[in-house]
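Below you'll find the structure, written out as structure tokens, and then a few comments.
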Amino acid sequence: MIRGVIIGALLLLFGGLRLPIESSLTEQHRSAYFHQARLGLDLREQIGQLGFLAALSGFRSLVADVVFIQAHVAWERTEWGRVLLLFRQATTLQPRSVLFWDMAAWHMAWNASVAALHDEALPNDLVRRKAQREYIDLGKDFLERGIKNNPDRPQLYESLARLYKEKLQNHAAAATCYARAAALPGAAEYDNRFAAYELSFAPGHEREAYEALRRLYDLGEHERLPTLLTRLKFLEEKLGIPLYERIPDKEK
Amino acid sequence: MAELQHRSFSLGRIAALTGNTFTELVRLKVFYFLLIFALLLIGNSLFMARLSFQQEFQVLKDVSLGAMSIFTSLLAIVATAQLLPRDLEDRTIYTILAKPVPRYEYLIGKLAGVLLLLGLSILAMSALFLALLFVREQMLMSETLRETAGLRPEQVQAAIRSLEESAFNANLLPGIVIIYLKAALLAALTLFISTFASSNIFTIVVMVFIYFIGHLQATAREYWLQEHGGGWLAKTFLALVALAFPDLQLFNLVDDIVAGTAIPPGLFAQTAVLGCVYTSVYLFFAWVSFHGKAL
Amino acid sequence: MTEPAVTVQNLTKVFPIPFRRTKLVAVRGLNLEVAPGQVYGLLGPNGSGKSTTLKIILGLVTASAGTTKIFGRDSREVGSREAVGFLPENPYFYKYLTGAETLRFYGKLCGLRGKKLQARTDELLALVSLEEASDRRLGGYSKGMLQRIGLAQALIQEPKLVVLDEPTAGVDPAGSREIRDLILDLKRRGITVLLSSHLLAQVQEICDRVGILANGVLVREGRVEDLLAIENQTELILENATPEVLGQISALLDQTKTRLVEQRRPQTTLEGLFLEATKTSPAPRDS
């Protein structure tokens with residue numbers, strides 16, 4: 001009896017001692033991007049009691065994979081509403097998987113949007129275009145939320161840049177995204193180049209774009225790729241750069 | 001013989017107890033059942049997803065590490081829970097403790113035997129897992145090289161880099177160490193519970209309960225400390241959960257490591273030390289409960 | 001003055017009964033001493049406190065009051081167990097170990113190593129006649145064999161004191177005879193033996209001294225002969241006595257007013273009879 005009381009007291013004492021340590025360690029884990037998932041009650045309703053329990057007790061990633069595979073199957077059956085729902089669950093369960101966000105955005109902005117544009121069930125073109133635009137926005141939304149959860153990694157910035165470029169023709173925004181990606185560790189070496197290319201297509205940013213392209217050009221032979229040369233020449237013309245400042249004409 | 005000064009701590013005695021506990025556990029049917037199940041799962045993870053290679057590797061890693069985690073946790077609980085009751089039932093504990101063996105050495109030996117078993121199991125599983133990862137990577141590598149033949153060298157480089165990044169990731173190793181430490185913590189806690197439990201079923205049920213609550217401990221702790229209002233009853237309940245249960249969520253790092261999150265060495269060291277502290281403290285509690293127990 | 005092998009002073013053990021207000025008193029104010037080299041029998045019915053007393057002496061259970069010592073060292077000290085070997089009642093041991101492995105395991109617990117351990121293991125296997133079974137798992141041992149390997153285990157570190165809890169319980173008469181022979185052998189080698197039993201007949205011939213416990217209290221204590229002898233009676237056993245001789249004896253008894261309590265033909269004990277029978281046709285044993 002006395003021993004039970006002593007053990008209980010020791011247990012609580014140990015709890016008290018480790019309380020500040022664990023709080024600070026949890027904080028440190030979070031700032032290193034661990035334990036980012038916020039599993040709410042709405043998720044429990046969606047993935048079921050068992051899946052929720054598994055997710056809470058150390059098998060979050062595994063449950064996320066299962067949901068992801070379900071999403072993949074739904075995509076094969078072109079059930080777009082289900083694809084959206086399942087990807088939302090998968091990304092909630094594992095917000096640190098760049099792959100999930102990227103795939104979710106791609107399915108929405110590229111696949112679902114195109115399917116909507118050709119959807120015979122929709123009454124007219126106007127509605128189809130509206131639906132297409134909605135899916136593109138959903139894709140964009142996935143990428144933006146993905147970036148919020150993974151601000152330390154370049155991949156989703158690159159994907160968002162592609163989306164702005166290909167789906168929304170917003171070259172200025174695409175350029176900003178490429179530039180952000182380029183600043184992060186592990187970025188592809190073409191990110192800086194792509195940022196400059198996109199800027200060169202953005203009306204009103206010609207001067208900026210010219211300077212960026214010229215800087216790259218000056219870095220040396222390895223940056224002087226055909227597209228870069230073409231865009232640089234185009235801007236030299238457009239901005240009326242003095243001849244002696246222009247890059248040499250190889251072909252002519 | 002009796003003239004010899006009795007040593008109050010002997011690694012030789014602990015080694016004998018450890019070896020014996022290990023031999024005892026290796027004979028458990030549940031050990032093989034769980035091990036085969038885990039190995040099958042790891043082996044099968046290769047065929048689970050027929051998607052992109054990034055996805056394939058993610059599933060392979062999640063399934064394998066999930067199998068390792070569930071195997072080590074379950075084995076830690078189930079194996080440890082029956083050690084003391086069995087020795088008591090068979091009266092072997094009398095013959096051991098009637099020798100010049102301090103009770104703490106007996107407990108250390110028992111725990112060390114479990115930890116040895118868990119360590120060797122996780123090594124075996126890791127070996128299979130890493131071998132699979134390597135083989136699959138090599139297969140995909142030659143495929144990629146074939147597909148990218150004719151492309152510019154930097155594009156080939158990029159393709160290979162992306163493949164390598166999604167296959168083996170050095171952060172997996174600290175992640176596996178943390179899985180092991182979580183199991184060690186659970187084993188020590190099970191040993192502690194079993195010093196006063198009435199049966200091994202009781203111990204296992206209590207431990208399963210602790211396992212689930214332990215994963216919610218951090219949430220309870222945060223609610224308690226954040227002054228969210230609520231009545232004193234709710235507050236007391238949250239405080240009890242936070243103080244009495246271990247924070248198991250801190251030892252779940254592989255999920256995010258598989259997703260590509262890197263663990264800084266300092267953070268890994270701190271988490272590992274916390275795991276060791278938990279294990280030692282629970283072992284100490286087991287001794288407090290056991291040292292004066294009438295057998 | 002020689003140090004007693006075992007000293008028990010004012011020993012009391014009370015077990016609280018959980019969730020009840022009552023308590024169970026297992027041993028009450030027990031005092032006893034075992035001299036070195038003696039075979040001491042602690043006798044009494046089941047539940048009389050024999051096992052509890054032995055466990056307290058071995059440090060397996062803590063006393064509520066009083067002290068127990070082994071060769072002057074308090075039982076609560078782990079070191080006191082250097083000098084003692086223990087065989088519990090109906091021991092099981094680890095089924096998956098062979099006889100030799102079992103002895104090696106216990107030897108290691110006592111700090112024995114290498115060649116010394118091997119030599120000691122071989123020696124003890126020979127002592128308890130289990131050399132042939134030494135590489136068999138204990139799972140296949142008979143009760144008697146288990147009891148003998150248990151005894152060997154108790155002797156592994158050459159203790160000066162051996163404690164045996166019901167050493168003959170559940171063993172067939174031949175096996176129990178072997179164990180009694182082993183105990184006498186220990187005595188010859190100067191090892192003190194403390195044993196408990198509820199079978200008085202089995203231990204009377206090997207014990208130098210016995211204590212009888214009933215409900216946790218020591219009711220009788222002393223040398224076996226003294227306890228068994230009825231002081232005002234004498235037993236005569238005659239061979240080839242003719243009726244005349246018997247008549248003269250009874251006349252003499254009448255003359256001196258001596259009362260004849262009983263006249264009978266002596267019998268061998270049932271146990272003796274059984275032993276006799278099994279000796280002539282050796283029954284398959286220990287297999």
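Could you list which residues have their amide H under 5 Å from that of C:Leu42, counting only those 5 or more apart in sequence or on another chain, with H placed in the peptide plane? Residues meeting the criterion, in which the H sits 1.01 Å from N, are C:Leu195, C:Ser196, C:Ser197, C:Gly211. When the residues B:Leu140, C:Leu127, B:Leu145 are ordered by accessible surface, computed with a 1.4 Å probe over the protein chains alone, the sequence from largest down reads B:Leu145, C:Leu127, B:Leu140. Remark: mean inter-chain Cβ contacts per residue of C:80-88 equal 5, using a 10 Å Cβ-Cβ cutoff to other protein chain atoms.
The phi torsions of region C:162-179, fed into the Karplus equation with coefficients 6.51, -1.76 and 1.60 and a -60° offset, translate into couplings of 10, 10, 10, 9, 6, x, 10, 5, x, 9, 5, x, 5, x, 5, 5, 4, 5 Hz, rounded to whole numbers, with Gly and Pro shown as x.
Classify chain A from the C-alpha gyration tensor, please: rounded if a/c falls under 1.5, else prolate or oblate depending on whether a/b exceeds b/c. It comes out oblate by the Cα gyration axes. By the helix-only formula, in which each DSSP H run with n ≥ 4 contributes -39500 (n - 2.57) and the sum is divided by residues, chain C has a 222 nm mean residue ellipticity of -10000 deg cm²/dmol. For the pair B:Leu116 and B:Val205 in one chain, pulling the backbone fully straight at 0.36 nm per residue adds 29.7 nm over the alpha carbon distance. Heavy-atom accessible area, probed at 1.4 angstrom with all protein chains present, ranks C:Tyr92, A:Tyr157 as C:Tyr92, A:Tyr157, highest first. With every protein chain in place and a 1.4 angstrom probe, the accessible-area ranking of C:Lys13, A:Lys148, largest first, reads A:Lys148, C:Lys13. For C:Asp226, the solvent-accessible surface with a 1.4 Å probe is about 90 Å², rounded to the nearest 10.
For chain A, the mean residue ellipticity at 222 nm estimated from helices alone is -23000 deg cm²/dmol, where every DSSP H run of n ≥ 4 contributes -39500 (n - 2.57) and the total is divided by all residues, rounded to the nearest 500. Note on A:Leu117: accessible area is roughly 50 Å² with a 1.4 Å probe, heavy atoms of protein only. Placing a label point 7 Å from the Cα of A:Asp249 along the Cα-to-Cβ direction, the residues of region A:190-227 whose backbone N falls under 19 Å from that point are A:226-227.
A cut-off under 10 angstrom between Cβ atoms defines the neighbours of A:Ser97, and their net charge, with Lys, Arg +1 and Asp, Glu -1, is -4. Here the simple spin-label model places points 7 Å from the Cα toward Cβ, and for A:Asn124 and C:Glu77 these points are separated by 10.4 nm. Its relative contact order, with pairs defined as Cα atoms under 8 Å and 6+ residues apart, puts chain A at 10 percent. For chain B, the longest principal axis of the Cα atoms and the long axis of helix B:153-166 meet at an angle of about 20 degrees. Computed with every protein chain present, the accessible area of A:Leu243 is close to 140 Å² [probe 1.4 Å]. Each of A:Glu166 and C:Val14 was given a label point 7 Å from its Cα along the Cα-to-Cβ line. The distance between the two points is 8.5 nm.
Put simply, the amide H of C:Val27, placed in the peptide plane, has neighbours under 5 Å in C:Lys13, leaving out anything fewer than 5 places away on its chain. Estimated from the Cβ-Cβ distance and a Förster radius of 60 angstrom, the FRET efficiency linking B:Trp232 and C:Asp208 is about 0.30.
Is the shape of chain C best called rounded, prolate or oblate, per the rule: a/c under 1.5 gives rounded, else a/b larger than b/c gives prolate, else oblate, with a ≥ b ≥ c the square roots of the Cα gyration tensor eigenvalues? Here chain C falls in the oblate category. 3J(HN,Hα) couplings calculated from phi for region C:83-98 with the Karplus curve 6.51 cos²θ - 1.76 cosθ + 1.60 (θ = phi - 60°) are, in sequence order, 9, 10, x, 10, 10, x, 5, 6, x, 9, 6, 8, 4, 7, 9, 7 Hz; Gly and Pro show x.
Springs between Cα atoms under 10 Å define the GNM used for chain A, and in it the highest mean-square fluctuation of A:Ser23, A:Ser61, A:Ser200 occurs at A:Ser23. Between A:Ile241, A:Ile136, A:Ile147, the GNM of chain A built on Cα springs shorter than 10 angstrom shows A:Ile241 fluctuating the most.
Mean residue ellipticity at 222 nm, helices only, chain B: -26000 deg cm²/dmol; runs of at least 4 DSSP H residues each add -39,500 (n - 2.57), and the sum is divided by the number of residues. Run the numbers on chain B and let me know its relative contact order in percent, using alpha-carbon pairs under 8 Å that are six or more apart. After rounding, I find 25 percent. Inter-label distance, A:Leu225 to A:Glu211: 2.4 nm, where each label sits 7 Å from its Cα along the C-beta direction.
The values are calculated or read from the model by the stated rules, or taken from the named source; none is laboratory data. Bear in mind that the values here come from a model prediction, so they are computed numbers and not experimental data. All Cβ positions, glycine included, derive from the backbone under ideal geometry; neighbour counts span all protein chains shown. For accessibility, only protein heavy atoms count, side chains too; no ligands or nucleic acids. Shrake-Rupley method; radii C 1.70, N 1.55, O 1.52, S 1.80 Å.
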